[in-house]
Amino acid sequence: MKKISVIIPMYYEEEMVNICYREVKRVLKNIRKYTYEIIFINDGSQDRTLELLEKIAKRDSKVKLISFSRNFGHQPAVSAGLKYATGDAAIIIDADLQDPPRLIPNMLKLWEEGYEVVYGKRKKRKGETIFKLFTAKMFYRILNSLSTVSIPKDTGDFRLIDRKVIDAINTFPEHNKFLRGLYSYAGFKQTEYLYERKERTAGETKYTLKKMVKLASDGIIGFSYKPLTLILILSTILFIISILLFISIFIWHKYYLIFSITCLFSFSTSIILFCLWLLSIYIKRIYDEAKNRPSYIISETKNIY
Ligand code: UDP
Ligand code: MG
């Protein structure tokens with residue numbers, strides 16, 4: 001009998017632990033064709049999340065628990081789930097049930113038809129701020145215009161992936177992973193599954209603005225060299241301006257010239273600093289790879305042998 005692994009990262013989700021477990025368990029129990037395991041990853045929460053998860057893992061051997069030594073982030077938490085998953089396919093869902101577990105059987109049907117990645121595509125997002133909706137929409141459009149691989153718009157990490165894809169993703173040694181891009185990079189037979197993204201069942205978003213910015217920059221920097229072309233464009237513009245200024249020496253008044261030269265000087269300096277910042281983002285990533293520190297540290301596991 002084939003096995004399904006459901007991967008659920010959790011960060012400060014004490015209100016959601018039991019609701020999430022009950023709902024996922026109810027759906028999986030009704031799927032008689034496959035056995036299953038539920039992998040919870042506690043991403044360094046300091047509330048009662050770990051305590052509640054430990055209780056569940058104690059009474060249900062199908063529940064595996066991985067607990068991080070501190071908060072490493074959502075992408076490392078999903079990566080750990082993929083590493084320890086033993087199923088023939090894995091389904092990644094959020095703890096807040098925004099991506100409804102009751103859709104799992106439909107995704108499994110597409111998997112049975114031969115698709116190796118079934119990614120959830122949001123046709124509607126409920127209960128999100130206008131700011132989040134706008135920035136998310138812009139991000140997917142910008143990312144796609146820059147990226148070397150085509151990354152489906154309006155998709156998150158909610159998806160089903162086949163064992164072949166899990167194995168492929170597990171071989172990627174890079175740090176600062178942007179999994180949504182890596183699934184596209186890996187290839188395989190992929191299809192979308194349209195769904196309505198619900199409101200968070202309880203609690204508040206754990207994706208702070210800082211975490212969203214990190215995810216967005218991991219996506220863009222990890223999948224595009226195009227921002228570096230901006231340096232060439234800016235230097236060309238500056239070169240043209242300085243030529244025009246040189247020509248104007250023979251035409252305009254000298255006071256006006258002194259003023260424009262001062263402006264050009266500060267303008268060039270800010271552009272040079274901006275280009276240095278752009279370069280530093282790429283250098284930071286090279287440095288992260290060179291240091292080769294682990295993307296997460298596990299402090300405790302349950303039902304993992
Ligand atoms: N999460 C995590 N580590 C983090 C932030 C979030 O494991 O540092 C988990 C969180 O518990 C949830 C999922 O990632 O299961 C998605 O987070 P959230 O629902 O807060 O994000 P949003 O849906 O608002 O983008
Ligand atoms: Mg959410």
Worksheet entry | Arg293 paired with Ile258, simple spin-label distance in nm, labels 7 Å along Cα-to-beta-carbon | 5.2 nm
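Mean Kyte-Doolittle of at least 1.6 and a Cα length of 27 Å or more along the axis: which whole DSSP H helices of the chain meet both? Please report the intermediate quantities before stating the final value.
Working: long enough: 226-248 (34 Å, 2.37); 254-291 (54 Å, 0.99).
What comes out of the filter, once short or polar helices are dropped, is 226-248.
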Discussion item. With equal scatterers on the alpha carbons only and no solvent term, can you work out the Debye log10 of I(q)/I(0) for region 174-300 at 0.12, 0.14, 0.19, 0.22 1/Å?
Written reply: -0.75, -0.88, -1.19, -1.32
Fill in: the chain: calculated mean residue ellipticity at 222 nm from DSSP helix runs of at least 4, using -39500 (n - 2.57)
-16500 deg cm²/dmol
Worksheet item: Which parts of region 1-43 would a label at Glu54 reach, counting a residue when its backbone N lies under 13 Å from a point 7 Å out along Cα-to-Cβ?
Response: none
Fill in: Value of D in µm² per second that Stokes-Einstein yields for the chain, Kirkwood Rh from Cα pairs, at 37 °C (0.692 mPa s)
151 µm²/s
Item to complete: Show the residues, 5+ positions off or on another chain, whose built amide H is closer than 5 Å to the amide H of Val6.
Response: Glu37, Ile38, Ile39, Ile91
Response to the item:
Largest fluctuation, Leu50, Leu143, Leu276 only, Gaussian network model of the chain with Cα springs under 10 angstrom, belongs to Leu276
Practice prompt. For the chain, with a Gaussian network of springs between Cα atoms less than 10 Å apart, report the residue from Tyr140, Tyr225, Tyr12 with the top mean-square fluctuation.
Written response: Tyr225
Worksheet item: Which residues does a label at Lys2 reach in region 33-71, if reach means a backbone N under 16 Å from a point 7 Å past the Cα toward the Cβ?
Response: 33-37
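Only Cα pairs under 8 Å and at least 6 apart count here; give the relative contact order of the chain as a rounded whole percent.
24 percent
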Worksheet entry | Two-site label geometry, Tyr305 and Arg32: point separation in nm, points 7 Å out along Cα→Cβ | 2.8 nm
Practice prompt. Any of Lys132/Lys226; Lys3/Lys302; Lys55/Lys124; Lys126/Lys206; Lys3/Lys153 with alpha carbons more than 27 Å apart? Name them for me.
Written response: Lys55/Lys124; Lys3/Lys153
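I'd like the antiparallel share, as a percent to the nearest 5, of DSSP beta bridges with both residues in the chain. Walk me through the intermediate numbers first.
Values: 12 of 37 bridges.
Around 30 percent of the beta bridges assigned by DSSP in the chain are antiparallel ones.
Need one number: % antiparallel among DSSP beta bridges in region 1-160, to the nearest 5.
Working: 5 of 22 bridges.
Rounded to the nearest five, the antiparallel share is 25 percent.
Since every read-out is calculated from the coordinates, none of them should be taken as a lab result. Everything numeric here is computed off the predicted structure, so don't read it as measured data. Heads up, the Cβs are rebuilt from the backbone with ideal geometry, glycines too, and the neighbour counts pull from every protein chain shown.
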